[in-house]
Every structure is written in C-alpha cells, then in structure tokens.
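Everything below concerns the one structure shown next.
The values are calculated or read from the model by the stated rules, or taken from the named source; none is laboratory data. Predicted model, so just to flag it, every value in this text is computed and none were measured. Note that we place each Cβ from the backbone using ideal geometry, even for glycine, and neighbour counts take in every protein chain shown. Surface accessibility is based on the protein's heavy atoms, side chains included, excluding ligands, DNA and RNA. Shrake-Rupley method; radii C 1.70, N 1.55, O 1.52, S 1.80 Å.
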Amino acid sequence: MGYGTMTQAMVEGWLAGGISPDRFTAYHPTRKQAAHGIAMTNRLEVGTYDTVLLGIKPQMLPELAPQVAPLATGSVTVLSVLAGITLDGLAVHFPNASGVVRLMPNLACGVRKSPIALIGRGMGEPLADDVRQKLTQLAAVLGSAEWIADEGQFDLVTALAGSGPGFTYRFIDALARAAAQLGLPDDQARRLSLAMVEGAVALAAASDVSPADLAARVASPGGMTQRGLDVLDDDDALLSLLTRTLRETRDRGEEMGRTRP
C-alpha cells in the first residue's frame, strides 16, 4: 500500500533479483499505472495476499488503516517501513493479521545493496519460524537482512542504516568541495571523490580485516595519509561528530514515535 520513492526502490530491487512482477499489486489512490507490468489498483479490495507492505506517510496510518485492515487477516503478514510506528501500534491497527513486522531499508535496495533491518512478532506470540525465514529471504534479495532483537534499538539502527546514506553522500560532497577549494576543478573533484569512495567501500566489504585496520594499512608513519588521519583523530573529532549525528537522528525517531499511535 502506497507506491512512493522507497517502495518503488524496493520493488525495483525485487524485480532485479528475479521475483516476477505478477507477485505484486500496488495501491495508489490516483496513479493509473506502474512500471514493469506491475498491477496497479486505485481501490483497496480483499484479494489473495500473503503480505501487505505499508509504504504510506506515517501520519496517514490512522485514516487508512481501517481500509487496509480487511486485507490483513488470516495468514497475511503486515510489513511496515513507516518511521516511528511501533509493533504495538501496528498490532492495534491490524489485530487480525498473522504478524506485524517493521523493516527499514534505504534507497540502495533499488540496486540490491541495502541493509534491511527487521523486527516483528505474531499476535500474542513470537513470529512464526516459516514467516521469519520467508521475510529473511525476501529482504536478502535487496541486500542483507539484519534482525533486531530489541525494538528500543530500532531508531538507532534506522539512524545508521536508513539515514546513513544521506550522511555518506554529504561526506562525499564535502570531500569533493574541500578538494575544489584547494584548487581542483569542481567536476574532477566530484569524479575522483565518488570513485575513491566506491573503491574504498568495495575493498572494505571484500576484506577480512576491519575498516580501522585498513586505514592503518593505508597510512605510513609520518606520511601524507597519516597527517590527514591525525586531523580526523584529533580530540576524536570525527567520532564525536558522527556520534552526535546518530544521536540526534535516533532521538528524532523516538520523538516521532511518541506522537504517533
């Protein structure tokens, strides 16, 4: 339900991963068609579904949940990408579903490179093993699946894995702008910055050592890289900045959750 930027990216990833378009039906109140031959409907009608994915704006849930609830009965699992809507809140709106699950992707799911954080439960009991396995496989098509044990940590995970791309893009942009301020042409600085980050991430993902160890391997004592690392490490400047960034992002998620049913 809902077919905005995030849900479209998720569907793109699932299609790229080999899932057939006929497995999906997208709902949008005004839109007439979806890409790749996916069925689009403007009416919420009871059908044969195994999963209902909520991709609407969180503040719209109280209004739309009564229309969606008849679809979420029996063996149907409700998946939600709605920030700030807890499992308790989902259970209140969809009491007849077999289970409710929060998941948090980022836009890289469109290219199947997103971590997907999940937490869920059945109605009055743990989520069934077969449902958990099915959702793990579904999430893994989009990148990697990470089940979260404590819902109290979900906003922090969202800050890291969901909001993290925004911070990463800002870092890439800042690195390029810094090089441009020091004399490189703007377009060349952007290309070099992006290519450098792409290569560094690929190497880190493929390596059996930690990013911290990789940084140490790049740096030679008294060399150029070490001089730059000294700036980032001075008074834990980079660590302090990112800790504050994640804290503020997490806290905003908690604030949003307190104002929503």
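Only one entry of 166, 143 meets the criterion of being free of Cβ contacts under 8 Å to residues at least 24 places away in the same chain and either closer than 18 Å to residue 246 by Cβ or open to solvent by less than 70 Å² (accessible area, probe 1.4 Å) (or both), and that entry is 166. If you go through the stretch 42-61 and keep only what is in contact (Cβ under 8 Å) with a residue 24 or more places away in the chain and open to solvent by less than 60 Å² (accessible area, probe 1.4 Å), you end up with 44, 47, 51, 52, 53, 54, 55, 56, 58, 61. Output yes when any residue across the stretch 161-181 is assigned to a helix (DSSP H, G or I), within 25 Å of residue 249 (Cα to Cα), aliphatic (A, V, I, L, M) and in contact with a strand residue (DSSP E or B) (Cβ under 9 Å, 6 or more places away or on another chain), and no when none is. Checking the stretch 161-181: at least one residue is assigned to a helix (DSSP H, G or I), within 25 Å of residue 249 (Cα to Cα), aliphatic (A, V, I, L, M) and in contact with a strand residue (DSSP E or B) (Cβ under 9 Å, 6 or more places away or on another chain). Selection of the stretch 1-24 for residues being in contact with a strand residue (DSSP E or B) (Cβ under 9 Å, 6 or more places away or on another chain) and surrounded by fewer than 18 Cβ atoms within 10 Å (Cβ to Cβ) yields 21, 22.
Do we have any residue at all in the stretch 102-123 that's under 20 Å from the mean Cα position of the chain (by Cα), among the hydrophobic types (A, V, I, L, M, F, W, C), more than 25 Å from residue 201 (Cβ to Cβ) and surrounded by fewer than 19 Cβ atoms within 10 Å (Cβ to Cβ)? Checked against the condition, which is being under 20 Å from the mean Cα position of the chain (by Cα), among the hydrophobic types (A, V, I, L, M, F, W, C), more than 25 Å from residue 201 (Cβ to Cβ) and surrounded by fewer than 19 Cβ atoms within 10 Å (Cβ to Cβ), the stretch 102-123 yields no hits at all. Within the stretch 245-256, residues that are under 13 Å from residue 157 (Cα atoms) have Cβ atoms under 8 Å from residues that are open to solvent by 80 Å² or more (accessible area, probe 1.4 Å) and of a type in the set (A, V, I, L, M) in these pairs: 246/160, counting only partners at least 6 apart in sequence or on another chain.
Scanning the stretch 199-225 for residues that are surrounded by 13 or more Cβ atoms within 10 Å (Cβ to Cβ) and part of a loop (DSSP other than H, G, I, E, B) returns a single hit, 219.
Scanning the stretch 62-87 for residues that are under 17 Å from the mean Cα position of the chain (by Cα) and either farther than 20 Å from residue 257 by Cβ or open to solvent by 40 Å² or more (accessible area, probe 1.4 Å) (or both) gives a single hit, 86.
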